[in-house]
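For reference, the structure discussed in these notes is given below.
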Amino acid sequence: MKRHKIVLIPGDGIGPEVADEVKRILDSAGAKIEWVERYAGQAALDMGSDVMPPETLEAIEHIGVALKGPCTTPVGKGFSSVNVQLRKKLNLYAAVRPVRSLPGVSTRFENVDLVIVRENTEGLYSGIENEVTPGVVMSMKVSTEKACTRIARWAFRYATHRQRRKITVLHKANIMKLTDGLFIGCAQNIHKNEYPNIDYQELIIDAGCMKIVQDPSLFDVLLLENLYGDVISDLCAGLVGGLGVVPGANIGERKAVFEAVHGSAPDIAGKGVANPLALLMSSVMMLNHIADTREDPGAREIAHNIRKAYDKTLEDGHKTRDLGGNLGTTEFADAIIERLNKHAGIS
Ligand code: NAI
């Protein structure tokens with residue numbers, strides 16, 4: 001593998017704990033990465049910086065790839081989400097979150113293999129809220145033809161490249177006739193005019209949720225606007241073992257930030273029990289992205305080895321507590337490294 005500069009934002013809560021283990025595993029796998037550490041959110045505030053320091057944005061703009069831990073957002077008060085700010089400021093318009101069943105992790109379903117594609121820049125996440133008069137507040141849902149078309153085209157292109165068979169749009173256009181109506185209208189256009197060979201389906205999201213939890217095998221790629229994508233990501237995480245095992249990427253033009261779906265998990269932060277797998281899986285997505293965009297097949301090989309090692313670790317019954325095991329964050333990472341070394345004949 002070539003040597004690559006990557007921005008690392010450790011994040012808040014369990015972020016630094018899981019990021020440390022992911023760095024250690026990547027290093028053991030032979031990934032040659034020069035980490036450029038930058039901060040955002042509460043961690044940045046604690047260091048006396050802005051909540052979203054310009055040098056963090058500049059580093060991602062300049063280097064093009066970042067691995068990010070979760071950042072805490074205060075509920076009902078305080079600063080607006082730095083996660084959302086980052087996606088908007090860098091125009092990381094496509095969030096992609098693969099959800100798959102894992103060996104050794106038994107859940108209600110086997111063979112779940114879904115990909116969530118979420119529009120990442122608008123909808124109710126525009127954060128345009130105001131108090132009309134005391135006791136009356138409102139929040140504005142923004143949908144633009146440009147962003148709806150862009151995400152639909154991205155999802156169909158992704159589905160084509162990954163040999164996926166079907167795209168399902170989950171929406172509420174029966175109630176939000178203009179905003180969600182625009183979203184499905186743009187998806188219909190892209191399907192009809194550019195990708196007629198991919199199956200296309202629309203479902204009203206409430207019934208869609210019921211169908212997903214009844215039989216996830218009915219679905220392949222899910223395409224959603226921002227808020228629905230956020231909620232459905234956690235719902236789908238529940239199908240395969242929880243938030244500890246679902247990775248993600250936020251992709252824009254020539255920039256990508258890889259982060260787990262989970263948040264900073266304040267309930268377990270500092271206890272050494274967080275599952276590092278979701279961030280590790282995100283780093284595997286990152287290595288594959290590097291292989292594609294920086295022409296480095298060595299990065300893909302390392303991604304493949306890491307994936308094999310964590311699958312084997314789970315298969316052998318080594319798990320963190322969220323998956324019903326008893327390993328701490330570091331012990332679980334040790335078990336993965338042991339398997340990586342065995343694979344490389346270093347045991
Ligand atoms: P959360 O994802 O942090 O936690 C939900 C539940 O899942 C908790 O019980 C937690 O212990 C568990 N969990 C999450 N990740 C885990 C892991 N890796 N290993 C084991 N258990 C894990 O969601 P919550 O509590 O709603 O949010 C906490 C904070 O995180 C909030 O400030 C929120 O705004 C922020 N957040 C940040 C995100 C990001 O940076 N992209 C995404 C989601 C939430």
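Placing a pseudo-label 7 Å from each Cα along the Cα-to-Cβ vector at ASP215 and LYS192 gives an inter-label distance of 2.9 nm. Note that the chain, at 4 °C in a medium of 1.567 mPa s, gets a Stokes-Einstein diffusion coefficient of 62 µm²/s from its Kirkwood radius over C-alpha pairs. With the simple model of a label 7 Å out from the Cα in the direction of the Cβ, HIS343 to ILE63 spans 2.4 nm. Each other residue within a Cβ distance under 10 Å of THR330 adds +1 if Lys or Arg and -1 if Asp or Glu, for a net charge of -4. Give me the angle, in degrees from 0 to 90, between the Cα long axis of helix 15-28 and the longest principal axis of the Cα atoms of the chain, rounded to the nearest 10. Around 50 degrees separate the two axes.
Just so you know, the averaged projected area of the alpha carbon convex hull for region 46-173 sits at 12.6 nm². Applying 1/(1 + (r/R0)^6) with R0 = 30 Å to the Cβ-Cβ distance of MET47 and LEU227 gives a FRET efficiency near 0.45.
Applying a DSSP loop filter and a limit of 13 other Cβ atoms within 10 Å to the trypsin sites (Lys or Arg not before Pro) in region 225-289 leaves ARG254, LYS271.
DSSP bridge analysis restricted to the chain gives an antiparallel fraction near 45%, rounded to the nearest 5.
In a fully extended conformation the segment linking LEU178 and TRP35 would gain 47.1 nm over its present Cα-Cα distance, using 0.36 nm per residue.
If the segment from THR107 to LYS166 were pulled out straight at 0.36 nm per residue, it would be longer than the present Cα-Cα gap by 18.8 nm. Subtracting the Cα-Cα distance of GLU131 and ASP316 from 0.36 nm times their residue separation leaves 61.1 nm of extension gain.
The portion of the accessible surface of the chain made up by carbon and sulfur, rounded to a whole percent, is 51 (1.4 Å probe; DNA, RNA and ligands excluded).
Specify the inter-centroid distance of region 146-205 and region 13-89, based on alpha-carbon positions, in whole Å. Their Cα centres are 31 Å away from one another.
Each principal axis of the Cα atoms in region 108-240 has its own extent, and those three values, largest first, are 51, 38, 22 angstrom.
Please sort by residue number the trypsin sites (Lys or Arg not before Pro) in region 274-326 whose DSSP state is loop and whose Cβ has at most 13 other Cβ atoms within 10 Å. Those that pass, being in a loop and sparsely packed, are ARG294.
Counted over region 104-261, the DSSP beta bridges are approximately 45% antiparallel. For region 189-314, the solvent-accessible area of protein heavy atoms averages 39 Å² per residue (probe radius 1.4 Å; ligands and nucleic acids excluded). Only alpha carbons enter this Debye calculation for region 1-84, each as an equal point scatterer, and the log10 of I(q)/I(0) it gives at q = 0.11, 0.18, 0.24 Å⁻¹ is -0.31, -0.77, -1.18. Here's how it looks for ALA256: its modeled amide H is under 5 Å from those of VAL65, ALA66, which are all 5 or more places away or on a different chain.
Take the Cα coordinates of region 167-250, assign each an equal point scatterer, and use the Debye formula without solvent to give log10 I(q)/I(0) at q = 0.14, 0.17, 0.26 Å⁻¹. For the requested q values the scattering log ratios are -0.51, -0.74, -1.35.
The values are calculated or read from the model by the stated rules, or taken from the named source; none is laboratory data. Note that the structure is a prediction, hence the values are computed from the model and not measured. Cβ atoms come from the backbone with ideal geometry, glycine included; neighbour counts cover every protein chain shown. Just the protein is used for accessible areas: all its heavy atoms, side chains included, with ligands, DNA and RNA removed. Shrake-Rupley method; radii C 1.70, N 1.55, O 1.52, S 1.80 Å.
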